[in-house]
Every structure is written in structure tokens, then in C-alpha cells.
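The values are calculated or read from the model by the stated rules, or taken from the named source; none is laboratory data. Given the structure is predicted, the values throughout are model-derived calculations rather than measurements. So basically every Cβ, Gly included, is an ideal-geometry build from the backbone, and we count neighbours across all protein chains shown. SASA here: full protein model, heavy atoms, side chains in, ligands and nucleic acids out. Shrake-Rupley method; radii C 1.70, N 1.55, O 1.52, S 1.80 Å.
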Amino acid sequence: MSARGPPEAAASYAGGIRVFKRIADARRADGILRRTVPTTIAAESLSKAFSGAPLFRDLSFSASSGLVAIAGRNGSGKTTLLKILAGLARPTSGRVRLETDGARPLSTSEQRLAVGWAGPDLALYGEFTAIENLAFFRRAAGRPASEAELVRRLADVGLAEEAMRRRVEEYSTGMKQRLRIAFATLFDPPVLILDEPMVALDLDGRETVYRVIETARKRGTVLLASNDERDFAEPEQRVDLAGARRREA
Amino acid sequence: MSALARAWAVCAKDATQELRRKVAIVAVFFFAATALALVSFGIGPFGLRAEDRPPLLSALLWIILFFAAATGLPRAFVAEEETGTGLALRKTIPAVYVLAGKTLFNYILFLAMTAVTIPGFMILLEWRIGSFGALAAIMVAGGFGLAVVSTFLSALVARAGQRNVLFVLIAFPLVMPLLVSAIQATNQATNGQFPLDGIRILIAYDGAASCAAYMLAAVAWED
């Protein structure tokens with residue numbers, strides 16, 4: 001647990017948001033949203049119930065670009081919704097549709113890599129170094145990568161080169177969180193799903209995640225769930241799970 | 001990248017993990033050594049009449065191999081769920097490649113176990129084999145079936161409660177045909193015969209188990 005007091009934490013948030021706004025301003029100045037693989041993700045009448053009790057009902061939204069803020073109180077179903085969108089859980093009813101701009105539905109294997117996901121219950125192999133972890137997933141997914149590329153990706157999330165070559169079981173919680181972000185972006189997915197990505201991160205880590213979000217937002221869609229409203233800087237769309245309803249931001 | 005290369009990546013990952021952690025290797029080899037020691041003390045080289053030895057020793061060998069395998073092979077998928085890495089695997093790699101890679105690793109582990117257990121069995125129980133070639137063919141064919149079924153069941157029970165008990169309960173009826181055929185074939189090999197029919201049955205079992213595992217991999221692991 002962090003021993004920092006509220007003023008320091010507030011300063012940390014403010015610093016992170018400042019960085020986010022600077023990047024957002026630069027994006028607006030560009031005036032262009034550049035996307036490498038145009039992809040639409042759509043939730044169509046999604047419902048999920050556990051033991052008969054509905055977590056959310058008839059949830060529908062669609063996004064092709066920008067930041068989608070997934071908001072809601074603890075237990076409102078944010079993590080479950082994101083897992084359903086990532087293809088890691090099944091809805092009780094409804095479906096998730098993924099297609100390119102030409103309305104071509106993506107194949108199952110395309111879907112698997114087209115949606116990057118990182119959540120609190122994602123774990124990577126503790127016996128391996130960060131580089132070995134990423135190298136394995138790239139190889140097994142049929143898209144091997146050079147060590148130089150993996151080092152660059154890990155550096156992008158703020159892991160020092162010495163840390164990249166240490167076993168993950170020796171990592172702090174914050175370092176594991178950075179590695180999760182690197183895993184989520186490993187295939188440069190057009191849709192990036194991040195569930196509480198700021199958890200356990202220091203100010204530098206938050207700034208890194210804001211940069212990752214901004215880069216992914218330029219390329220496609222970012223679905224971001226957080227319990228902290230301050231993490232949602234200028235979202236293009238907002239999904240509020242309190243009443244399973246959607247409204248434009 | 002070919003399907004084989006992707007499955008091999010999973011197998012190599014499991015092998016590297018196992019060499020660094022040594023959980024399944026220690027469990028399998030320790031069980032085999034303990035069972036072997038107990039059987040040799042209980043029966044010993046002189047505890048049986050000569051005509052009773054081949055069928056009884058064949059059965060004992062496969063009982064040791066099966067239960068030793070059952071202590072380590074089911075870890076294939078169970079370990080992924082226990083450590084939380086299953087989500088990352090499911091997110092990036094199709095189930096059939098994961099299953100193929102893990103089956104390959106379990107098969108290699110089984111063959112390594114037999115390479116150690118059989119010489120020990122021969123020394124401690126003075127077991128004489130009439131046809132080494134036949135025994136090798138039985139181990140190759142029988143071990144593959146056992147690896148396929150164990151790995152598939154591991155995927156099936158990985159997210160269930162009481163998974164160890166569940167594994168043994170489901171595995172027993174599924175591997176019974178394989179064990180009966182393997183025991184009978186091993187008995188024939190002990191007597192110097194080549195058990196062609198027994199080996200055919202084992203190969204047919206391997207084919208059927210592989211097809212079923214291939215078709216049901218996604219259902220067992222991803223749903």
C-alpha cells in the first residue's frame with residue numbers, strides 16, 4: 001500500500017492529467033485521427049447475470065475511434081463487461097460485433113489480436129523475464145518479434161533495460177502493471193481495453209499510461225474502466241453501468 | 001508461421017517453465033520412485049511364481065505409470081489457471097495450439113518418466129522383457145494416448161472446484177480402454193511376442209482421442 005497522503009496523491013493526479021491534456025492538445029492540433037486498422041467494436045443488447053441477478057441489461061454502444069469511458073460503482077460490472085468485449089467471457093444475452101470500416105466481420109483469430117486487453121487479474125509468467133514473456137506470446141500467436149522490438153515496447157511502458165531482463169516474479173506491483181500494459185499493446189491492436197490501468201502506478205507510471213492511451217486513441221478505440229473519474233480526460237463516449245445506459249460526452 | 005511452430009512455442013514455454021520451477025517433474029518422478037520402491041518391497045523378485053509374473057508385473061508397471069502421470073500431467077492447464085496466466089493465453093493463442101503444445105510437453109514428460117521407471121522396474125523386480133522393440137512401441141503409442149487424454153481433461157477441469165478429484169474421476173473411464181490394451185500388450189511383449197493387435201488398438205485410441213481433443217479444445221478451454 002502506498003504511504004502517500006492525500007495532498008501528494010492529488011498532486012500526482014494533477015500532474016498526470018496535465019500531461020494528458022498536453023498530449024490531447026497536440027492531438028487536436030494535428031486535427032487528424034490516424035488509425036492503422038480501422039475497426040468498429042459494438043456491444044449489441046449485452047446482458048450479464050450471475051446466479052439470476054442481472055449485473056447489467058440490454059447494454060448497447062458502438063465505437064470506431066477515440067476514448068470510451070466505462071464508469072460505474074464497485075460491483076457494477078465494469079470488469080465483466082470489459083472481459084466480454086475482449087472475448088474472455090460470454091454474455092448471458094446479446095453479442096459483441098467487431099468489423100472493419102468496410103463492414104467486414106473479423107475472423108476469430110483476427111478478433112483475438114485486434115482487441116488488446118489488460119485487467120487486474122491478468123498475470124504473466126513469473127519464471128520468465130519481461131522480454132521472454134512478450135517473445136513467447138508473439139511467437140505463439142504466429143507473429144514473432146525481434147528482441148530489439150520487444151525492448152522498445154517495454155521501454156515505452158517505462159521498464160528499465162535491467163528490469164526487462166529480470167524474472168517477473170521479482171517485480172513490484174507497479175512494474176507488473178507496466179508489463180500488463182505492454183502485453184495489451186503487444187500486437188498494436190486497433191481496439192485497446194484497459195481495466196483500471198492506473199492501479200499501483202506512481203506518477204511516472206500514470207504519465208506513461210496516459211501516453212499509451214493517447215497513442216492508442218489516435219490509432220483506434222480505447223475502452224477505459226476506472227473508479228476514478230479523473231482518469232477519463234475528455235472521453236468521446238461514456239458508458240455508465242450504474243443504469244447500463246450510454247450517453248455521448 | 002506454421003501451426004506446428006506455434007504449438008512448439010507453447011511446448012518450449014512449458015518445458016522452460018518446468019526446468020526452472022520443477023513442479024511436475026518432481027511430482028511425477030517422486031511418485032514413480034515411491035511406487036516402485038513400495039512394489040519392490042511388497043512383491044520383490046521372489047514373491048511371485050514365475051508364470052504369474054508377466055501379467056502381474058505388466059499391470060503393476062502401468063498402474064505406476066498411470067498414477068505417476070496423473071500427479072503431473074494434469075498440471076498443464078491447471079497451473080495456468082492457478083497462476084492467472086490462463087487469461088493471457090486465451091487472449092492471444094487459439095485453444096487448439098495451446099492444447100497441442102501442452103500435449104507435446106506432457107508426452108515428452110511421460111516418455112522421460114518411462115525411460116527412468118522401466119529400468120528401475122527391471123532391476124528392482126527382476127523383470128525380463130522378451131521384446132524390447134514391442135515394449136518401446138507400446139510406450140510410444142500408449143504414452144501418446146495418455147498424454148492427449150490427460151492434457152484435454154486438464155483443460156476441461158482447470159476452472160472447476162475440486163479439480164484433482166474431478167480429473168481422476170473423469171480420467172478413469174476414459175483411459176480404461178487404453179490401460180487394458182497397454183497391459184495386455186505389455187504382457188505379450190514380456191513373453192517375447194509382438195502384440196500387433198494391441199498396438200493397433202492403442203494407435204486407434206490415439207487417433208480417436210486426438211480428433212476428439214482437437215474438436216473440443218475450444219469448448220474445454222475457452223468456454
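Considering only residues that are farther than 14 Å from A:Phe183 by Cβ, open to solvent by less than 30 Å² (accessible area, probe 1.4 Å) and either part of a helix (DSSP H, G or I) or of a type in the set (Lys, Arg) (or both), which ones fall in the stretch A:138-169?
A:Val151, A:Ala163
Among residues belonging to the stretch B:179-223 that are over 19 Å from the mean Cα position of the chain (by Cα) and free of Cβ contacts under 8 Å to residues at least 60 places away in the same chain, point out the one that is nearest to B:Arg128 (Cα to Cα).
B:Gln188
Residues checked against (1) open to solvent by 30 Å² or more (accessible area, probe 1.4 Å); (2) closer than 18 Å to A:Lys83 by Cβ; (3) outside any helix (DSSP H, G or I); (4) of a type in the set (Gly, Ala, Ser):
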{"site": "A:Pro189", "(1), (2), (3), (4)": "no, yes, yes, no"}
{"site": "A:Leu192", "(1), (2), (3), (4)": "no, yes, yes, no"}
{"site": "A:Thr208", "(1), (2), (3), (4)": "no, no, no, no"}
{"site": "A:Arg211", "(1), (2), (3), (4)": "yes, no, no, no"}
{"site": "A:Val222", "(1), (2), (3), (4)": "no, yes, yes, no"}
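So B:Ala9 fits all but one of (1) crowded, with 20+ Cβ neighbours inside 10 Å; (2) over 26 Å from B:Ser181 (Cβ atoms); (3) away from chain A (no Cβ under 14 Å); what number is the exception?
(3)
Kindly provide the set of residues from the stretch A:41-53 that are in contact (Cβ under 8 Å) with a residue 12 or more places away in the chain and open to solvent by 20 Å² or more (accessible area, probe 1.4 Å), ordered by number. Please lay out each step first, then the result.
At the first step, the residues of the stretch A:41-53 found to be in contact (Cβ under 8 Å) with a residue 12 or more places away in the chain are A:41-49.
Scanning the stretch A:41-53 gives A:Glu44, A:Ser45, A:Lys48, A:Ala49.
Given A:Leu85, A:Leu67, which one is open to solvent by less than 10 Å² (accessible area, probe 1.4 Å), in contact with a strand residue (DSSP E or B) (Cβ under 8 Å, 6 or more places away or on another chain) and more than 14 Å from chain B (Cβ to nearest Cβ)? Break it down stepwise before answering.
Values: A:Leu85 fails: more than 14 Å from chain B (Cβ to nearest Cβ).
None of the others qualify; the one that does is A:Leu67.
For B:Leu125, are the conditions met, namely being within 14 Å of chain A (Cβ to nearest Cβ), over 11 Å from the mean Cα position of the chain (by Cα) and open to solvent by less than 10 Å² (accessible area, probe 1.4 Å)?
Values: within 14 Å of chain A (Cβ to nearest Cβ): no; over 11 Å from the mean Cα position of the chain (by Cα): yes; open to solvent by less than 10 Å² (accessible area, probe 1.4 Å): yes.
No, not satisfied.
Starting from residues that are in contact (Cβ under 8 Å) with a residue 12 or more places away in the chain and part of a loop (DSSP other than H, G, I, E, B), keep the ones in the stretch A:90-120 and report whichever is nearest to the other protein chains (Cβ to nearest Cβ).
Out of the qualifying residues, it is A:Gly119.
When the stretch A:177-212 is examined, which residues are found to be out of contact with any Lys or Arg (no Cβ under 9 Å at 6 or more places or on another chain), farther than 23 Å from A:Asn74 by Cβ and not charged (D, E, K, R)?
A:Leu179, A:Val191, A:Leu203, A:Tyr210, A:Val212
Looking at the stretch A:148-172, which of the residues that are among the β-branched types (Val, Ile, Thr) and touching a residue at least 24 places away in the same chain (Cβ under 8 Å) is nearest to A:Val209 (Cα to Cα)?
Here is the first cut: in the stretch A:148-172, the residues among the β-branched types (Val, Ile, Thr) are A:151, A:157, A:168.
Retained after the next criterion (residues that are touching a residue at least 24 places away in the same chain (Cβ under 8 Å)): A:157, A:168.
Details: A:Val157: 7, A:Val168: 19 Å.
Of everything passing the filter in the stretch A:148-172, A:Val157 is nearest to A:Val209 (Cα to Cα).
Part of a helix (DSSP H, G or I) and within 14 Å of another protein chain (Cβ to nearest Cβ): does that describe B:Thr117?
Numbers: part of a helix (DSSP H, G or I): yes; within 14 Å of another protein chain (Cβ to nearest Cβ): no.
Spelling it out, it is not the case that B:Thr117 is part of a helix (DSSP H, G or I) and within 14 Å of another protein chain (Cβ to nearest Cβ).
Taking B:Ala204, is it within 23 Å of B:Val10 (Cα to Cα), open to solvent by 10 Å² or more (accessible area, probe 1.4 Å) and out of contact with any Gly (no Cβ under 8 Å at 6 or more places or on another chain)? So that I can check it myself, show each step before the final result.
Working: within 23 Å of B:Val10 (Cα to Cα): no; open to solvent by 10 Å² or more (accessible area, probe 1.4 Å): yes; out of contact with any Gly (no Cβ under 8 Å at 6 or more places or on another chain): yes.
For B:Ala204, the condition - within 23 Å of B:Val10 (Cα to Cα), open to solvent by 10 Å² or more (accessible area, probe 1.4 Å) and out of contact with any Gly (no Cβ under 8 Å at 6 or more places or on another chain) - is not met.
Which one is modelled with the highest pLDDT, of the residues in the stretch B:143-166 that are farther than 16 Å from B:Ala217 by Cβ and open to solvent by 10 Å² or more (accessible area, probe 1.4 Å)?
Looking only at the stretch B:143-166, we keep the residues that are farther than 16 Å from B:Ala217 by Cβ, and these are B:143-146, B:160-166.
Then keep just the ones that are open to solvent by 10 Å² or more (accessible area, probe 1.4 Å); that gives B:144, B:160-166.
Working: B:Phe144: 97, B:Ala160: 80, B:Gly161: 75, B:Gln162: 77, B:Arg163: 78, B:Asn164: 76, B:Val165: 81, B:Leu166: 84.
This residue is B:Phe144.
Just need a number here: residues in the stretch A:125-147 that are farther than 18 Å from A:Glu162 by Cβ and either basic (Lys, Arg) or more than 9 Å from chain B (Cβ to nearest Cβ) (or both).
So the count comes out to 5.
Grab the helices (runs of 4 or more DSSP H) fully contained in the stretch B:51-114, keeping just those with 3 or more residues being among the polar types (S, T, N, Q) and open to solvent by less than 30 Å² (accessible area, probe 1.4 Å). Can you show your working first?
Numbers: elements: B:53-72, B:75-83, B:86-92.
Of the helices (runs of 4 or more DSSP H) lying wholly inside the stretch B:51-114, none has at least 3 residues that are among the polar types (S, T, N, Q) and open to solvent by less than 30 Å² (accessible area, probe 1.4 Å).
Taking the stretch B:17-45 as the region of interest, how many residues are among the β-branched types (Val, Ile, Thr), open to solvent by less than 50 Å² (accessible area, probe 1.4 Å) and without any contact (Cβ under 8 Å) to a residue 40 or more places away in the chain?
Qualifying residue count, the stretch B:17-45: 0.
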